[in-house]
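Data block below; observations after.
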Amino acid sequence: MAVPSHRSEIKIHVRELRKSFGAKEVLRGVDLDVRAGESLVILGGSGTGKSVLLKHLIGLLHPDAGKVEVDGVDLSTLDHAELIDFRRRYGMSFQEGALFDSMTVHDNIAFPLRRSRPKRSRREIDTRVADCLDLVGLEGQGPKMPSELSGGMRRRVGFARAIALEPDILLFDEPTTGLDPVMTAVIDDVILHLKESLGSTSVTITHDLNSAFRIADRIAMIHRGTILAIDEPEAFRSTEDPRIRQFLDGRAQGPLTDT
Amino acid sequence: MSWVRFLEVPLRELGQVTLVLGRVLAWTPRPPYDVGQLLQQMVRVGIASVPVVLLTALFTGMVMALQIFTVLSRFGAEGYVGSIVGLAMVRELAAVLGALMIAGRCASAMGAELGTMRVTEQIDALEVLATDPIHYLVVPRVWATTIMLPLLIALADAVGIFGGYFVSVIVMGANPVTYMETTFQYMELDDLTSGLIKAAVFGLLLSVVGCAKGYYTSGGAEGVGRATTQAVVTASIFILVSNFFLTKLMF
């Protein structure tokens, strides 16, 4: 697996990011650099601020303090319409799929294709939708409504919708949680394939360690709203840091759970 | 400073509604124009509301005729029943009662639908897919309701007048020809248009309130329930309060 050189270009640059909801401080000064073309995995327990961090990277949430720069653009300098337009370079999948439940599976995946420029023909769109469904192992499921699918299938459709436009930056919020091992491997392969064939930059949240070590160029661990460590998988696996060890070994007792 | 806290809720409501209305107006002229969505919403709001609005108008007209006949007969002025029923329906009752019924039907539906989309991250998904949720979801709903309400209320006017006629002529034995004559004798075009303008404003308000409630939903299934209830209550209050000021303004 090719590891990008340390001099490679920074795609997403996060500095001193802070966010609170009411009295609850979720992000307490996150610093993170995502390199162009790399696959970064963010590990962390539930409720450590992973999803909140991911939503800041695409401007769905706005920081209380600190900044997020993508391709050198500070997201807070964009007005609402510019931000909407800026998001054309992203694809994002959500934890529960977030499919539009008034549309068929086919229309869900076709949604970004129909609204992108330049305009695509109907045939191009249908072909691309079928390809995306094939990629996630859901051939022929296009005419179904999201309510007819299982949770894992919905998640895969959400994943297919996120990659339909082959975007530059991919954000995945627990893409493999709740999938069987074979499907997990399939999704992992798609993420790797996108990185290699398109050079897409991806940030994936997961607590599936096997998946993390398979797809990551680098792994970051988040705990209580800050990044504990960020390193290449091999270095990560052999770390002496007791907090990371506890997470990797899956122990209930340790520095992560001591308050 | 407890009175400040007392004002907090209505001010926040007003703020949300104003914000959503502002974004609807700002996004309306921008392409893409989703005519399909607009027509779909016009059917859902307009066509599907016909029975409920007509039933409301019919019975309101009938009850008005009964009440006014009883009262006017005390001083021998039964001949004016038609005028009063007609004017009351056209200027006031059809629009207000019709809008309240549609608030119950449609503002609640919008609150529930958008609220569900919010808590299941579908609204976030729209944003991520480079689509403004206000543009895609709220703009067609608001304009569909604003266009359809005056049309529905025009129908309600006619049915309400028919209800009054039916009770007066069939039940009370009034002369059908003179009843219709007196109905339109004192009615002016302004009476009709002011009622329809009110209807359009009510349509705008109830749909913006319903959508705003849904859009700002938080807190899972319980939050959706809360948004739905508040959509109806707040929309109804907006209709009743704005009705006073619109009436003051126009007459």
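All of the numbers you see were taken from the coordinates with simple rules; none came from a lab. The structure displayed is predicted, hence computed values, not measured ones. In this analysis, Cβ positions are derived from the backbone assuming ideal geometry, glycine residues included, and neighbour counts consider all displayed protein chains.
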Below 8 Å between Cα atoms, with a sequence gap of 6+, how large is the relative contact order for region B:43-250 in percent?
37 percent
Efficiency of FRET between A:S20 and B:V177 - r from beta-carbon atoms, R0 56 angstrom, step 0.05:
0.15
Let me have the 222 nm mean residue ellipticity of chain A computed from DSSP H runs of 4+ only, each contributing -39500 (n - 2.57), with the sum over all residues rounded to the nearest 500.
-10000 deg cm²/dmol
If you keep only loop residues by DSSP, which chymotrypsin sites (Phe, Trp or Tyr not before Pro) in region B:1-105 have at most 15 other Cβ atoms within 10 Å of their Cβ?
B:Y33, B:F75
For region A:145-259, what is the charge dipole size about the Cα centre, in debye to the nearest 20, if Lys and Arg each add +1 at the Cβ and Asp and Glu each add -1 at the Cβ?
280 debye
Beta bridge orientation in chain A: antiparallel %, DSSP, nearest 5:
55 percent
Once all Cα-Cα distances of the protein assembly as shown are split into 10 Å bins that start at 0, what whole-number percent is in each one?
4, 16, 23, 20, 14, 10, 7, 4, 2, 0, 0
Amide H neighbours of A:L171 under 5 Å, counting only residues 5+ apart in sequence or on other chains, H built in-plane at 1.01 Å?
A:G91, A:M92, A:S93, A:V203
Taking the Cβ-Cβ separation of A:H62 and B:F166 as r and a Förster radius of 56 Å, what is the calculated FRET efficiency to the nearest 0.05?
0.40
Name the residues whose placed amide hydrogens come within less than 5 Å of the amide hydrogen of A:T239, ignoring near sequence neighbours (fewer than 5 apart) on the same chain.
none
So which residue, out of B:G86, B:G219, B:G76, gets the largest mean-square fluctuation from a GNM of chain B using Cα contacts under 10 Å as springs?
B:G76
Just want the ordering: A:K119, A:K50, from fewest to most Cβ atoms lying within 10 Å of their own Cβ.
A:K119, A:K50
Once you keep just the Cα pairs under 8 angstrom separated by 6 or more residues, what percentage relative contact order results for chain A?
25 percent
For the protein assembly as shown, share of DSSP beta bridges that run antiparallel, in % to the nearest 5:
55 percent
0 to 90° range, to nearest 10: angle between helix B:189-215 axis and chain B longest Cα axis:
30 degrees
To the nearest 10 degrees, how steep is helix B:2-27 against the longest Cα principal axis of chain B, on a 0 to 90 scale?
90 degrees
Using alpha carbons only, how many degrees (0 to 90, rounded to 10) separate the axis of helix B:176-185 from the longest principal axis of chain B?
60 degrees
Other residues with Cβ under 10 Å from the Cβ of A:S147 give, with Lys and Arg +1 and Asp and Glu -1, a net charge of 0
Share of Cα-Cα pairs in region A:103-218 beyond 21 Å, whole percent, is 36 percent
